[in-house]
Amino acid sequence: MSNTYNIYRIKFEEMDGLLEKIKSVGLVEQKTQIYENYEMTFYFSENVEGNDIWWHETYKDFLNTQEKFPKNIFHFGLLICKNEDDPKEIYAISLGKSHFYLAKFIEPNFGITLAVRMGDEKTTILKKSRYFTGTKRHEVSSYENFNINSYESGESVEHLKIKASNHEVWGDKNIIFADSIQLNINKSPSELAQILNDISDTLRNEEIIKLPKLEPVNDLNLITKLDSEIIDSLHQNVSIGIEEIHVFGINISFRFHEYNYELIYRKERKQFAKLDLGNYFDMSIISDFIKDNDINSINDLYVKFKIEESGRFTQPLKEILDFYTNYENAQYFLKCGKWFKFNETFTAYLKKSLEQIPIIFGQDLIEDDFLAWKVIKENQIQNDENLTNKLTYREYYFNENLSLNNGYKLLDRQLTAIQSLDIKGNKYKVEVADLYKDNEIISVKISGKPQDLIYNIEQSKGSVELIKQGIIPFDDILESAALWLVLEKPVSSLIEINSIQFLLAVDSWKKRVEFFGLKPQIYISKHVKN
């Protein structure tokens with residue numbers, strides 16, 4: 001008989017907390033059985049009160065008269081399996097909604113860690129990823145034929161549905177890997193010990209799939225510092241998102257807005273303040289609440305909400321925030337309330353993508369030459385000479401020099417008007433690019449600061465979109481889009497610019513340029529000062 005098992009790996013140090021949690025949600029200890037080297041104890045929801053059916057009152061005119069309001073009753077269970085040969089090795093098989101209560105006690109990404117050691121990558125039929133470049137944050141993709149190593153830079157895989165490479169051990173059916181592993185196999189619960197031992201053995205094997213993924217942060221001091229980044233951003237009303245897609249074990253859940261939310265400020269179970277949020281998370285209102293109550297720790301904030309299947313329950317606000325930050329030259333991300341960072345494979349995919357962009361080293365910007373030109377032009381302006389313009393900034397000098405001496409068409413300050421989103425509003429002024437030559441538009445930026453370069457990158461990306469979508473006219477042939485970066489420090493490659501945000505921005509620009517069928521290219525010059 002085929003059975004489905006949803007298996008989690010429990011942190012040994014969290015076992016006491018797990019037992020306390022499952023008791024608090026109504027799971028009652030049942031029988032304990034010994035199979036091979038595993039002690040297995042079952043927990044079952046004996047007394048379930050049930051939850052109100054939210055639509056019953058709405059449609060009561062269509063229903064027969066009833067003596068009492070009906071309730072939805074959902075039983076759930078948990079089988080905890082302890083390895084008697086290695087007491088620190090603990091697994092749990094979740095049944096029903098038990099997976100909702102396990103997040104704090106499990107080894108995150110356990111399923112993904114297993115997948116890269118036992119999966120047959122070419123059999124991938126479903127993949128859920130999180131993105132840190134471009135405009136998309138999450139993506140669930142299904143495949144008929146999956147190309148091995150076809151991951152994107154900026155992508156972190158957190159859910160896979162694939163077959164195992166060893167059919168003799170795992171069978172030939174699809175297996176789901178995420179924080180847990182779900183497999184359908186012809187083994188009874190009394191044979192679970194064999195499955196768990198096979199899992200433990202597989203975890204000691206080398207990786208056979210190079211997957212871009214996130215690694216958990218375990219340094220408590222670092223976690224405290226990263227937590228303070230969240231509260232600082234909320235104090236400043238910086239844009240922070242709410243997770244719209246959650247992965248609970250192997251379950252992908254989408255957040256909807258039919259729930260009512262209440263924000264709670266409490267310490268050590270003592271409540272100090274609360275705020276009704278309605279059915280929408282307005283971060284500006286949350287920011288005001290934090291400032292009004294002088295809240296300094298994200299861990300003191302909770303959200304209470306009601307879901308039909310689960311009744312009322314409370315979650316830390318931290319667990320539902322979509323937040324990332326750059327700290328000491330590394331990028332960290334919040335996922336279900338826990339901190340993660342890029343693994344080496346993620347960085348490798350980013351590097352691989354960036355190395356595909358052709359780099360051309362152009363002429364330097366000599367500061368003394370610019371200053372001499374500026375003095376002459378300012379005198380010409382003062383003497384009211386007949387000039388085509390009165391521009392004296394560095395980028396115009398650099399662009400004009402390339403135009404006069406290297407055959408580039410000067411587009412700098414040639415603005416195109418497009419209609420405002422408000423029909424009654426003034427038109428927007430858009431600078432298409434700085435230079436054009438050989439069917440290529442070029443955006444130039446002179447700066448040593450990554451954030452300034454990122455602004456230029458976004459401008460270039462926007463210009464490409466407006467041209468290719470026909471929003472602004474462009475009569476010349478367009479086959480390529482380029483960035484021309486004039487830097488204060490010499491570099492031999494892009495990755496020498498030590499800013500993950502800059503590199504991710506470049507990669508996002510590259511993808512967008514290629515999406516419109518254009519060739520991306522980058523010029524690099526040095527800004528030579530005294």
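Would you check if GLU479 is surrounded by fewer than 17 Cβ atoms within 10 Å (Cβ to Cβ), at pLDDT 90 or above and more than 21 Å from SER153 (Cα to Cα)?
Values: surrounded by fewer than 17 Cβ atoms within 10 Å (Cβ to Cβ): yes; at pLDDT 90 or above: yes; more than 21 Å from SER153 (Cα to Cα): yes.
Answer is yes for this residue.
Among all residue pairs at least 6 apart or on different chains, which show Cβ distances below 6 Å where the first residue, located in region 34-56, is among the acidic types (Asp, Glu) and the second is at pLDDT 95 or above and surrounded by 14 or more Cβ atoms within 10 Å (Cβ to Cβ)?
GLU36/ALA193; GLU39/LYS82
Taking interchain pairs and intrachain pairs at least six residues apart, which have beta carbon atoms under 7 angstrom, with the first residue in region 1-28 and without any contact (Cβ under 8 Å) to a residue 60 or more places away in the chain and the second of a type in the set (S, T, N, Q) and surrounded by fewer than 16 Cβ atoms within 10 Å (Cβ to Cβ)?
Note: pairs meeting the criteria are GLY26/ASN47.
Residues that are in contact with an Asp or Glu (Cβ under 8 Å, 6 or more places away or on another chain): list the strands (runs of 3 or more DSSP E) wholly contained in region 5-103 that include at least 2 such residues.
Details: elements: 27-35, 38-45, 77-83, 90-95.
Correct list: 27-35, 38-45, 77-83.
When region 498-519 is examined, which residues are found to be under 19 Å from ILE442 (Cβ atoms), crowded, with 19+ Cβ neighbours inside 10 Å, of a type outside the set (D, E, K, R) and under 25 Å from the mean Cα position of the chain (by Cα)?
Of everything in region 498-519, those that are under 19 Å from ILE442 (Cβ atoms), crowded, with 19+ Cβ neighbours inside 10 Å, of a type outside the set (D, E, K, R) and under 25 Å from the mean Cα position of the chain (by Cα) turn out to be PHE502, ALA505, VAL506, SER508, TRP509, VAL513.
For (1) in the same structural domain as GLU155 (by TED's automatic domain parsing); (2) closer than 19 Å to TYR131 by Cβ; (3) not in a strand (DSSP E or B), each residue gets a yes or a no:
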| residue | (1), (2), (3) |
| --- | --- |
| ILE457 | no, yes, yes |
| GLU465 | no, yes, yes |
| GLY470 | no, no, yes |
| ILE477 | no, no, yes |
| LEU485 | no, no, no |
| SER508 | no, yes, yes |
| LYS511 | no, yes, yes |
| GLN521 | no, no, no |
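Need pairs with beta-carbon distance below 8 Å; first residue farther than 19 Å from LYS82 by Cβ and within region 175-190, second in a strand (DSSP E or B) and among the small types (Gly, Ala, Ser); sequence gap 6+ or separate chains.
The qualifying pairs are ILE175/GLY119; ILE175/ALA164; PHE177/GLY119.
Say we look at region 81-117 and pick out the residues that are among the polar types (S, T, N, Q) and under 29 Å from the mean Cα position of the chain (by Cα); which of these is nearest to ILE162 (Cα to Cα)? Let's see the steps before the verdict.
Taking region 81-117 first, the residues among the polar types (S, T, N, Q) are 83, 94, 98, 109, 113.
Still in the list and also under 29 Å from the mean Cα position of the chain (by Cα): 94, 98, 109, 113.
Details: SER94: 21, SER98: 24, ASN109: 16, THR113: 14 Å.
Here the residue is THR113.
Quick grid of which residues meet (1) in the same structural domain as SER94 (by TED's automatic domain parsing); (2) crowded, with 16+ Cβ neighbours inside 10 Å; (3) touching a strand residue (DSSP E or B) at 6+ places or on another chain (Cβ under 6 Å); (4) of a type in the set (Phe, Trp, Tyr):
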position	(1), (2), (3), (4)
GLN30	yes, no, yes, no
GLY50	yes, no, yes, no
GLN66	yes, no, no, no
ILE73	yes, no, no, no
PHE76	yes, yes, yes, yes
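Could you grab me the full set of residues in region 150-165 that are surrounded by fewer than 17 Cβ atoms within 10 Å (Cβ to Cβ) and either at pLDDT 95 or above or in contact with an Asp or Glu (Cβ under 8 Å, 6 or more places away or on another chain) (or both)?
Of everything in region 150-165, just one residue is surrounded by fewer than 17 Cβ atoms within 10 Å (Cβ to Cβ) and either at pLDDT 95 or above or in contact with an Asp or Glu (Cβ under 8 Å, 6 or more places away or on another chain) (or both), namely SER165.
Which pairs have Cβ atoms under 6 Å, sit 6 or more apart or on different chains, and link a residue in region 221-246 that is among the aliphatic types (A, V, I, L, M) to one that is modelled with pLDDT under 70?
From region 221-246, the pairs are ILE245/PHE254.
Considering each of ILE93, ILE125 in turn, give the residue that is surrounded by 22 or more Cβ atoms within 10 Å (Cβ to Cβ), β-branched (Val, Ile, Thr) and in contact (Cβ under 8 Å) with a residue 40 or more places away in the chain. Quick ask: steps written out before the conclusion?
Values: ILE125 fails: surrounded by 22 or more Cβ atoms within 10 Å (Cβ to Cβ).
One residue alone meets the criteria, ILE93.
Under 7 Å between Cβ atoms, which residue pairs at least 6 apart in sequence (or on different chains) link something in region 279-291 that is at pLDDT below 80 with a partner that is among the charged types (D, E, K, R) and part of a loop (DSSP other than H, G, I, E, B)?
ASN279/GLU258
Name the pairs: first residue in region 342-364 and more than 12 Å from LEU504 (Cβ to Cβ) and touching a residue at least 60 places away in the same chain (Cβ under 8 Å), second residue part of a loop (DSSP other than H, G, I, E, B) and aliphatic (A, V, I, L, M), Cβ to Cβ under 8 Å, at least 6 apart or on different chains?
Going by the 8 Å Cβ cut-off, the qualifying pairs are THR345/LEU211.
Please find, within region 209-223, the residue that is farthest from the chain's Cα centre (by Cα) out of those that are over 13 Å from PHE340 (Cα atoms) and surrounded by fewer than 18 Cβ atoms within 10 Å (Cβ to Cβ).
ASN221
Please report, ordered by residue number, the strands (runs of 3 or more DSSP E) entirely within region 124-209 with at least 2 residues that are outside the structural domain of LEU503 (by TED's automatic domain parsing) and within 25 Å of LEU503 (Cα to Cα).
Details: elements: 126-131, 138-142, 155-164, 175-177, 181-185.
Ranges flagged: 126-131, 138-142, 155-164.
Residues in region 520-530 that are polar (S, T, N, Q), surrounded by fewer than 19 Cβ atoms within 10 Å (Cβ to Cβ) and modelled with pLDDT of 90 or more: how many? Reasoning before the result, please.
Residues of region 520-530 that are polar (S, T, N, Q), as a first pass: 521, 525, 530.
If we keep only those that are surrounded by fewer than 19 Cβ atoms within 10 Å (Cβ to Cβ) as well, we get 521, 530.
Narrowing further to those that are modelled with pLDDT of 90 or more: 521.
Adding up the residues that qualify gives 1.
The values are calculated or read from the model by the stated rules, or taken from the named source; none is laboratory data. Since the structure is predicted, the reported quantities are computational estimates derived from the model, not experimental observations. Neighbour counts are summed over all protein chains in view; Cβ atoms, including those assigned to glycine, are modelled from backbone coordinates with ideal geometry.
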